[in-house]
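Since the structure comes first, as structure tokens, the remarks are kept for the end.
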Amino acid sequence: MSQQQGQHFLQIPGPSPVPERVLRAMDRQVIDHRGPEFQQLGRSVLEGCKAVFKTTRPVVIYPSSGTGAWEAAIVNTLSPGDNVLMVETGHFATLWQQMAKRWGIEVDFIPGDWRRGADPAAIEARLSDDRSHTIKAVMVVHNETSTGVTSRIAEIRKAIDQASHPALLLVDTISSLGSADYRHDEWGVDVTVSCSQKGLMLPPGLGFTAISDKALAASKTNKMPRSYWDWQEMLKPNAGGFFPYTPATNLLYGLQEAISMLLEEGLDEVFARHHKLAAATRAAVRAWGLEVLCQEPSEYSPVLTAVLMPPGHDADRFRDIVLKTYNMSLGAGLTRLSGKVFRIGHLGQCNALMLLGALTGVEMGLSLAGVPHRAGGVAAAMADLEGSGAGNSPALKLVQA
Ligand SMILES: *Cc1c(COP(=O)(O)O)cnc(C)c1O
């Protein structure tokens, strides 16, 4: 029973499926990026991004993947030989740390077991010990996409303040922006890094950095060589709605539409929807008798759920069976977790029935792959969704009135 007809279920935690509205918005002729029509688009997206990052300060948009925006954050704020504090939350935190080292940064990498987020108390202790303020930045991943653990950025901000430490706070929101509550200004973040293909529901190809006044000041005196990523080069033309080089024009049309969709639904509603879908997914995992990788309930990711395979069973073989049989892509375990976990993405345009379809594929796949589990995960997710009021849409209330 091979089900290759119908829609492919792209249930990886990014790239996430692109909504029809966004696809239609991008399906148009390329325009002159120095003309008045572009200027309107440029102004609209540069302004619209501020609402999503929750900032009044500039957001720079690069034609790049998230990795490019990581690099932009480093080269615009730090100097070779600077010390930074990072936390090993998982695969992506490890990669960002490796990149910082390649730029000649000295990284104090707080070790972690990939099952918890960055510990605010550990950060506070390191900063309190650093009396001469040699640490120039604290760099953390908000939603660690390899583990399904979301670090508590507001508490990390408090930890830095508690230590009265002047370090910059740089945060990777590559898989959380537009899916998990995030507040650049209120949480006192200096650089927020993100990209297009996860919570923002766009194809890959845009990288973002939101920049505080303090980060902008640091960029005027830091000593790192840079050209393509230089904020000053970007901010000058951005003030008029333009870019210093050819921007990804059609992706920007998509971005304009995606921002409209997020703001029409309301960011709080978007975040609440993700929480409900994540809770239902965990209900299914528990009913199957499997284990969620994240061990700290206050750090459960609203974006994805990583599920541990029972010992002796290979997660990649299971994913392969699900792909071939049910035409659904699940996320792989990365590096240390390779073969040990599979990841269910429930981000972006996902809704209750899409999630239940995905969970059905997982449950049937577990049977097919001979992975020991109990039946009834999908039913548990249904019950959880009913209990959390996921069916109580404004439309339903109208019908019932
Ligand atoms: C996907 C991801 C990245 C890498 O982004 P690319 O667009 O693949 O360069 C970095 N950090 C996190 C948390 C991610 O989820």
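The values are calculated or read from the model by the stated rules, or taken from the named source; none is laboratory data. All of these numbers come straight from a predicted model, not from anything done at the bench. With ideal geometry, Cβ positions are generated from the backbone for all residues, glycine too; neighbour counts draw on all protein chains shown.
Odds and ends about this structure:
- Residue 292 being aliphatic (A, V, I, L, M), in contact (Cβ under 8 Å) with a residue 40 or more places away in the chain, closer than 24 Å to residue 338 by Cβ and surrounded by fewer than 24 Cβ atoms within 10 Å (Cβ to Cβ): yes
Per-residue answers, yes or no, for (1) within 20 Å of residue 153 (Cβ to Cβ); (2) more than 16 Å from the ligand (Cβ to nearest atom):
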site: 54; (1), (2): yes, yes
site: 66; (1), (2): yes, no
site: 75; (1), (2): no, no
site: 78; (1), (2): yes, yes
site: 108; (1), (2): yes, yes
site: 112; (1), (2): yes, no
site: 134; (1), (2): no, yes
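For (1) part of a loop (DSSP other than H, G, I, E, B); (2) more than 25 Å from residue 17 (Cα to Cα); (3) polar (S, T, N, Q), each residue gets a yes or a no:
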| residue | (1), (2), (3) |
| --- | --- |
| 263 | no, no, no |
| 271 | no, no, no |
| 277 | no, no, no |
| 294 | yes, no, no |
| 310 | yes, yes, no |
| 316 | no, no, no |
| 329 | no, no, yes |
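- Unmet criterion (only one of (1) buried (at least 21 other Cβ atoms within 10 Å of the Cβ); (2) more than 30 Å from residue 266 (Cβ to Cβ); (3) of a type in the set (A, V, I, L, M, F, W, C); (4) away from the ligand (no atom under 13 Å from the Cβ)) for residue 61: (2)
- Selection count, the stretch 195-205, where residues are near the ligand (Cβ under 9 Å from one of its atoms) and surrounded by 24 or more Cβ atoms within 10 Å (Cβ to Cβ): 3
- Within the stretch 65-95, being under 25 Å from residue 251 (Cα atoms) and among the polar types (S, T, N, Q) holds for 65, 67, 76.
- Within the stretch 80-98, restricting attention to residues that are within 14 Å of the ligand (Cβ to nearest atom) and either more than 19 Å from residue 157 (Cα to Cα) or modelled with pLDDT under 95 (or both), the residue that is surrounded by the most Cβ atoms within 10 Å (Cβ to Cβ) is 90.
- Members of the stretch 331-383 that are in a strand (DSSP E or B) and among the polar types (S, T, N, Q): none
- Filtering the stretch 1-40 to residues that are of a type in the set (Ser, Thr, Tyr) and exposed (fewer than 14 other Cβ atoms within 10 Å of the Cβ) leaves only 2.
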